[in-house]
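Colleague: Questions regarding the structure given below will be posed in turn.
The values are calculated or read from the model by the stated rules, or taken from the named source; none is laboratory data. These figures come from a predicted structure and were not determined experimentally. Cβ placement follows ideal geometry from the backbone for every residue including glycine, while neighbour counts extend to all protein chains displayed. Protein only, heavy atoms only, side chains kept; ligands, DNA and RNA dropped before computing areas. Shrake-Rupley method; radii C 1.70, N 1.55, O 1.52, S 1.80 Å.
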Amino acid sequence: MGNSQSIPQSNSTSTANLLEPVLDAVDCAICLENCEDAVALGCGHAYCKGCIKTHLEVNENLCPKCRRSCDQEHIVPLLRPENTDEITDYLTAPGQTMQLIRVNEDNKDTPLELDANVLKLCFLREDVRDIPVCILSIVGQRRCGKSFLLNYISRRLGNLECEDDSWMREDEEVLNGFEWRTGDDSITKGIWIWSKPFFMKLNEGERIAVFLVDTEGSADAKQNKEVGLKLSALSALFSSYLIFNISSRINSTDLEDLEMFCLIAENGETGLKPFQRLLFLIRDWYLPPVGFEGGMTHLGKVATECPLQNVKDILQKKEAECFLMPHPGKKLPASNEGGLKDMDDDFKECLKQFINYLVRTLSKYPKMDRENSKIMGRQLKEHIQKVTSVIASAQYDIVSIREMTIQQNFQNAKLHFQKFISDKGNTFLTTPDQMKKEVEEKVEKILTDVKFGEEDLEKLKTDLNTEKEEFLKKYKTKFKISAGVLATGSVLATVAGGVVAGVGIAAEAGIIAAGAAVGTGSSLAVGGIGAAATQIAKRIKKNTTEPEDNN
């Protein structure tokens with residue numbers, strides 16, 4: 001990692017270039033007047049500095065609007081020319097999580113709200129605005145350790161020059177950063193970003209700013225499904241490197257969600273395209289081998305058996321990878337510290353391998369636009385504003401999207417079956433009973449591979465069985481016709497006075513075999529063996545008439 005460098009420290013001179021009047025007027029949510037000495041909490045809500053300090057002292061450090069825990073140490077000055085010293089302190093202070101997009105469940109028309117202040121604080125920094133940006137984002141199921149993982153990634157990115165394992169810190173050190181806790185309650189509501197970038201170098205030596213983003217999972221049963229998918233779609237559009245965090249194994253629901261939030265992301269009228277790199281992280285894997293060795297095998301099987309063509313295309317285009325992470329052991333899930341001492345050794349080793357690999361590859365993926373040009377920090381700020389406006393205000397009928405996806409998958413399954421029976425119909429060397437057995441086994445395999453709800457599966461089963469019965473009925477009839485034509489040819493040979501005999505019979509048998517080999521398509525009813533028998537009849541007729549012509 002010699003091409004990396006430590007986080008640079010800003011100074012008051014460089015900060016002066018950052019300071020521009022990006023905020024004209026901000027109203028305090030406490031006094032309802034124009035903010036005096038405007039500040040923002042970690043959640044992004046703005047207040048007068050005096051108002052919020054007084055409020056936090058008597059209200060247990062809770063934001064008045066969203067009720068999120070926010071202590072006074074994390075009060076951030078808003079960008080104004082007059083508070084240069086405070087902004088300098090902010091730029092040189094350690095980073096913190098800030099809410100980029102919040103969920104407002106009271107607003108049914110636009111439940112997602114972008115915090116423009118946070119966007120400016122992150123991407124209009126003097127050390128970010130004119131260089132490429134890489135956003136590492138994580139989506140997936142709730143309570144599966146997304147925030148926990150990002151905190152260890154943050155530790156590694158903050159110690160890029162470290163060549164041993166000391167970046168993981170001491171066993172007793174409590175894990176801080178993105179808020180997380182064990183238990184059933186989800187903490188992350190919306191999309192959160194680590195306020196301080198980590199700086200690395202691109203292959204050509206150019207600097208790149210790396211930001212970490214945490215996302216509410218689209219699989220959160222407590223949240224509106226459309227809202228969850230919109231959040232995942234936005235995270236996919238913001239990011240250049242996307243981690244899909246999954247518990248136990250990749251199942252059909254995970255693939256459906258991936259397809260749907262990518263559909264929403266691609267539908268937006270924006271200059272952004274979804275992530276350039278996709279990595280599945282499977283948590284609590286229970287069988288060896290783990291890591292990338294077992295992960296790529298698992299992903300290969302999933303890709304082969306997946307009935308969703310859109311997902312197959314995504315896996316191929318995004319150079320998808322998969323890493324299997326074992327269970328952390330009994331201590332970590334019961335702890336709120338997240339220290340190394342609570343992890344099993346095999347989990348600790350896999351965590352180290354995964355994060356070291358991730359950090360080595362991050363700088364290869366600067367955020368690109370749809371023309372494959374690198375996006376600078378200030379450009380990304382504009383793109384994020386636009387794409388959030390488009391997707392947040394759009395009305396998506398998730399039922400229709402899911403139905404469309406199911407119909408497409410059903411159609412693919414039926415086309416697959418139709419090709420199978422078409423290929424099977426190209427030969428009549430299989431008896432009807434044997435053909436019935438093979439076709440029924442194929443139907444059973446398709447129904448096993450396509451994992452949907454019982455009602456949907458029953459409908460597909462009915463359709464496939466209808467096509468199966470029609471095919472077997474036609475096949476049986478054609479088989480009998482072909483066999484009858486062959487028998488007719490044999491009779492003709494006998495009536496002709498034994499012209500076909502001895503070696504001649506063997507020769508004509510060769511014609512029959514050849515005819516059976518070339519009979520294809522719609523000519524099957526009279527092709528194959530039947531066509532060969534017809535050739536025999538013609539030759540028999542010729543052999544019986546030629547002596548008369550000679551006389």
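Colleague: Carbon and sulfur atoms: what percent of the 1.4 Å accessible area of region 282-324 do they account for?
Modeller: Carbon plus sulfur share of accessible area: 54 percent.
Colleague: What does the charge count near Ile208 come to, summing +1 for each Lys or Arg and -1 for each Asp or Glu among other residues with Cβ under 11 Å from its Cβ?
Modeller: Cβ neighbours under 11 Å give a net charge of +3.
Colleague: Of Lys364/Lys414; Lys318/Lys424; Lys331/Lys367; Lys196/Lys341; Lys331/Lys381, which ones are farther than 30 Å apart at the Cα?
Modeller: Lys364/Lys414; Lys318/Lys424; Lys331/Lys367; Lys331/Lys381
Colleague: I've got another one for you. Which whole number of Å³ per residue matches the convex hull of the alpha-carbon atoms in region 289-393?
Modeller: Spelled out: Cα convex hull of region 289-393, divided by residues, is 201 Å³.
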